[in-house]
Amino acid sequence: MTSLDVDAVRTFVMVADLQSFTRAAAALGSTQATISVKLRRLEEKLGARLIERTPRRVSLSAKGAVFLPSARDFLAAHERAMAEFAEAPCRLALGFVDHVAGPELSVLIAQLHAHDPSLTLSLRIDTSTILKEAFDRGELDAIIVHREGDSRPGRTLSRNHYGWFATPSFEWQRGTPLRLALLSTICSCPDRVRAVETLNKAGIAWEEAFVGGGGAAVNIAVSAGFAISALAHRVVPPGLVEVGRKLGLPPLDPSEVVLHSHTLAPRAREALHVLATAFREYNSPVV
């Protein structure tokens, strides 16, 4: 009777999710050679090719696509069995800065759950300032935030590139204040500071036409045609367009997104590594 190796099945699922031997090796803290060997041995046991690999692409074979749901169930059952003997549940309290937690966040969480189904995740989305304060108080195990105004070391994950976004019908007449949708001053958000300082340096008059308590509120105002806002390219809501060049607005400086973490238990540290690796792949700079 053929028995499946847990590490080999986990390797297969990671390669399938990340569509890359290189990224899977990084996420698992292994090497491409080890990943290839484990996958080949799994395929030999099952008597079928699971992954199609070319110089440009890694994808599931037909057999691999059929096996993937069962592989996830297999790993989940293994984790449930192991959890019965664990001294304590694995918990991870994570903070994402608003406008960095983009549309791919649900995919990242799904990958994290597939990696460790018994993990308990506490997720907080807020401004960099508030998250850093919570992190310093020990309320969060790790945070993904803007580096601006912070000299503490952190692992660079990506760079956010910004533009001036509005609805296609938005109009602005030179000589009148530019209507801005901004986060509240209470938030002390770098995104607000970036927009205001850029306009002030260019000598462009502006007015605070809308104040939101979070990124979602600002996005709603801009999508309604109420005002214009400086938004990261990769988190722009559908229907908005970049109007900076059209309106003659100055370019916006990019920001660096970094990961800060406390010392974690092995399982939590591995889970965070998997999430950070996937985040970097999903958030390569877009100009």
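Need one number: nm distance between label points at residue 161 and residue 48, each 7 Å from Cα along Cα→Cβ, rounded to one decimal.
Modelled inter-label distance: 4.2 nm.
According to a simple spin-label model (label point 7 Å from Cα along Cα-to-Cβ), what is the distance in nm between residue 41 and residue 171?
7.0
What relative contact order, as a whole-number percentage, does region 169-228 give when Cα pairs under 8 Å and 6 or more residues apart are counted?
Result for region 169-228 is 48 percent.
Rg and Dmax of region 1-132 over Cα atoms: what are they, in angstrom?
16.8, 57
Using a 7 Å offset from the Cα along the Cα-to-Cβ direction at both residue 148 and residue 3, what is the distance between the two label points in nm, to one decimal?
Between residue 148 and residue 3, the simple spin-label model gives 5.6 nm.
Work out the FRET efficiency for residue 134 and residue 197 from their Cβ-Cβ distance, taking R0 = 30 Å, and round it to the nearest 0.05.
0.70
Taking the Cα atoms of region 136-287, report the difference between the largest and smallest coordinate on each principal axis, in whole Å and largest first.
That works out to 58, 28, 24 Å along the principal axes.
Using a probe radius of 1.4 Å on heavy atoms only, what accessible surface per residue do you get for the chain? Whole Å² is fine.
Spelled out: the 1.4 Å probe surface of the chain, per residue, equals 51 Å².
Along region 250-256, what does the Karplus equation 6.51 cos²θ - 1.76 cosθ + 1.60 (θ = phi - 60°) give for ³J(HN,Hα), rounded to whole Hz, x for Gly and Pro?
x, x, 9, 5, x, 10, 9
For residue 109 and residue 205, what does the FRET efficiency come to when R0 = 41 Å and r is the distance between their Cβ atoms, rounded to the nearest 0.05?
0.45
For the chain, with all protein chains present and a 1.4 Å probe, just round the carbon and sulfur fraction of the accessible area to a whole percent. Don't skip to the end; give the middle numbers.
Numbers: 7800 of 14580 Å².
Carbon plus sulfur share of accessible area: 53 percent.
Suppose we take every Cα in the chain and form the convex hull; what volume per residue is that in Å³? Walk me through the numbers on the way to the answer.
Working: hull volume 43.3 nm³, N = 287.
Cα convex hull per residue, to the nearest whole number: 151 Å³.
Got a sec? Which residues in region 144-179 would a label at residue 233 touch, if it sits 7 Å along Cα→Cβ and we count backbone N under 15 Å?
158-165
Return the whole-Å distance between the Cα centroid of region 174-244 and the Cα centroid of region 119-139.
25
The values are calculated or read from the model by the stated rules, or taken from the named source; none is laboratory data. Computed from a predicted model, the values in this text were never measured in an experiment. Quick reminder, even Gly has a Cβ in these numbers, built from the backbone with ideal geometry, and neighbours come from all protein chains shown. The protein model used for the area step is the full one, side chains on, heavy atoms only, and it has no ligands, DNA or RNA in it. Shrake-Rupley method; radii C 1.70, N 1.55, O 1.52, S 1.80 Å.
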